[in-house]
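K.L.:
Here it is: the structure, laid out below.
The values are calculated or read from the model by the stated rules, or taken from the named source; none is laboratory data. Because the structure is a prediction, the values reported are computed rather than measured. Cβ atoms come from the backbone with ideal geometry, glycine included; neighbour counts cover every protein chain shown. Note: accessible area is taken over every heavy atom of the protein model, side chains too, but ligands, DNA and RNA are not part of it. Shrake-Rupley method; radii C 1.70, N 1.55, O 1.52, S 1.80 Å.
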Amino acid sequence: MKRFAVVTFLGLLMLAGCAQRNVIVDQATDQGETPLALDYRDFEHAAMSAVQSMLSSGTLDKPGGGRYVMAISRVTNDTMQRIDTDQLIKKIRIALLQSGKVVTTSAISANGSTDAMINQVRKERVSPEFKSSTKIGEGQLITPDLSLSGKIIQRNMRENSSTQQVEYYFQLTLTNLRNGLAIWEGETPIIKRGSTDSVAW
Amino acid sequence: MAKVFRRTRWLLIIAAALTLGACATLPPPSIQLDPSLNGYVTIKSIHKSVSPSGLLQVEVTGKNTSDQPLYMYYQFDWLDKNGQAVPSLLAAKTRVTADRNRWFTIRGVAPSPAVTDFRLYLDERDKP
């Protein structure tokens with residue numbers, strides 16, 4: 001009986017030793033394998049390429065100084081994966097705001113990602129509960145100058161019985177809303193190749 | 001006389017070695033090459049300019065002097081006037097490949113007008 005208990009205890013210890021440990025990934029030094037699906041490194045790379053291209057192109061240099069006001073238009077996920085396109089757009093918004101050249105409006109967008117409080121606080125104009133001098137008057141919202149739209153495309157192809165290639169294209173367009181002209185366009189392709197056993201959706 | 005000549009000869013050899021050592025091409029202090037790239041990568045030029053809206057732009061040209069393609073990462077540190085790093089998406093690691101005996105160019109744009117200087121790290125990565 002005692003021997004059985006010892007063997008069981010040792011067996012449990014061995015099983016515990018084999019269990020995969022959970023770790024927090026250090027993004028600066030991550031040497032993890034690249035999956036065929038999109039991961040954080042792909043979004044970071046696509047966003048960085050877009051921002052670098054926008055800033056170095058000079059199209060965001062407003063004549064006379066100041067900042068452009070940008071609205072977020074539709075960004076379509078045309079991949080086989082469930083992606084929140086904000087993984088891409090939020091990084092771009094942060095970097096453009098940091099550059100001092102662009103500020104993004106939360107008052108209007110094509111994908112519904114506006115701040116609900118903008119309208120909510122205006123509904124309270126007639127409420128006696130709020131101090132009159134702190135109420136927001138009419139005509140304060142700023143019409144955007146630019147619109148950012150885009151699409152993420154995925155294309156799968158089988159190279160042979162054991163290898164498949166997955167191509168992703170991050171396409172973005174910056175449109176001048178005053179005249180409808182696309183003043184900047186960018187495409188970042190990310191091509192991955194791996195086993196047909198890997199799943200890319 | 002032979003003793004003096006022998007001593008002078010050693011002095012000349014040491015002096016020549018020191019002179020040659022001083023002539024070896026070292027990357028500028030703003031660029032840090034991983035030791036694994038020593039002897040394979042030479043930095044030829046660094047161009048810095050400031051855009052009309054005040055963003056620092058950097059273009060670094062190097063050469064892969066080896067007979068093999070080099071698969072590398074580069075990463076910028078963007079520094080403000082106090083020498084403090086300005087964290088940004090534009091300081092993320094980025095892949096760059098240099099074909100054998102070919103020039104390669106790395107371009108960077110500062111994330112904010114507060115940036116006045118940079119550091120660039122270049123490191124080897126595993127072949128795909």
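K.L.:
Assuming A:LEU146 fulfils every condition listed in (1) without any contact (Cβ under 8 Å) to a residue 60 or more places away in the chain; (2) surrounded by 15 or more Cβ atoms within 10 Å (Cβ to Cβ); (3) under 28 Å from A:MET48 (Cβ atoms) apart from one, which condition is it?
P.N.:
Single failed check for A:LEU146: (1).
K.L.:
Out of the residues in the range B:73-128 meeting the condition of being out of contact with any strand residue (DSSP E or B) (no Cβ under 8 Å at 6 or more places or on another chain) and within 13 Å of another protein chain (Cβ to nearest Cβ), tell me which one is nearest to A:THR59 (Cα to Cα).
P.N.:
Residues of the range B:73-128 that are out of contact with any strand residue (DSSP E or B) (no Cβ under 8 Å at 6 or more places or on another chain), as a first pass: B:82, B:84, B:87, B:89, B:113.
Pick out the ones that are also within 13 Å of another protein chain (Cβ to nearest Cβ) and you get B:87, B:89, B:113.
On the way: B:PRO87: 24, B:LEU89: 20, B:PRO113: 16 Å.
So, considering only residues that are out of contact with any strand residue (DSSP E or B) (no Cβ under 8 Å at 6 or more places or on another chain) and within 13 Å of another protein chain (Cβ to nearest Cβ), the one nearest to A:THR59 (Cα to Cα) is B:PRO113.
K.L.:
A further question on this structure: Quick one: how many residues across the range A:121-139 are outside any helix (DSSP H, G or I) and of a type outside the set (A, V, I, L, M)?
P.N.:
Residues of the range A:121-139 that are outside any helix (DSSP H, G or I), as a first pass: A:127-131, A:135-139.
This time we only want the ones that are of a type outside the set (A, V, I, L, M), so: A:127-131, A:135, A:137-139.
Final tally of qualifying residues: 9.
K.L.:
Sticking with this structure for a sec: Looking at the range A:94-117 only, could you name the residues that are of a type in the set (D, E, K, R) and surrounded by 20 or more Cβ atoms within 10 Å (Cβ to Cβ)?
P.N.:
A:LYS101, the sole residue that qualifies.
K.L.:
Taking the options B:ILE31, B:ILE106, B:ILE14, name whichever one is among the aliphatic types (A, V, I, L, M), at pLDDT below 95 and surrounded by 11 or more Cβ atoms within 10 Å (Cβ to Cβ).
P.N.:
Values: B:ILE106 fails: at pLDDT below 95; B:ILE14 fails: surrounded by 11 or more Cβ atoms within 10 Å (Cβ to Cβ).
The conditions single out B:ILE31.
K.L.:
Which of the residues that make up the range A:154-181 are touching a residue at least 60 places away in the same chain (Cβ under 8 Å) and open to solvent by 40 Å² or more (accessible area, probe 1.4 Å)? Explain how you work it out, then say what you get.
P.N.:
Applying the first criterion (touching a residue at least 60 places away in the same chain (Cβ under 8 Å)) to the range A:154-181 yields A:154, A:156, A:164, A:166, A:168, A:170, A:172, A:174-175, A:177.
Of everything in the range A:154-181, those that are touching a residue at least 60 places away in the same chain (Cβ under 8 Å) and open to solvent by 40 Å² or more (accessible area, probe 1.4 Å) turn out to be A:ASN156, A:LEU177.
K.L.:
To continue, here is another question. Could you list, in sequence order, all residues of the range A:20-62 that are in a loop (DSSP other than H, G, I, E, B), open to solvent by 20 Å² or more (accessible area, probe 1.4 Å), at pLDDT 90 or above and within 12 Å of chain B (Cβ to nearest Cβ)?
P.N.:
Selection gives A:GLY58, A:THR59, A:ASP61, A:LYS62.
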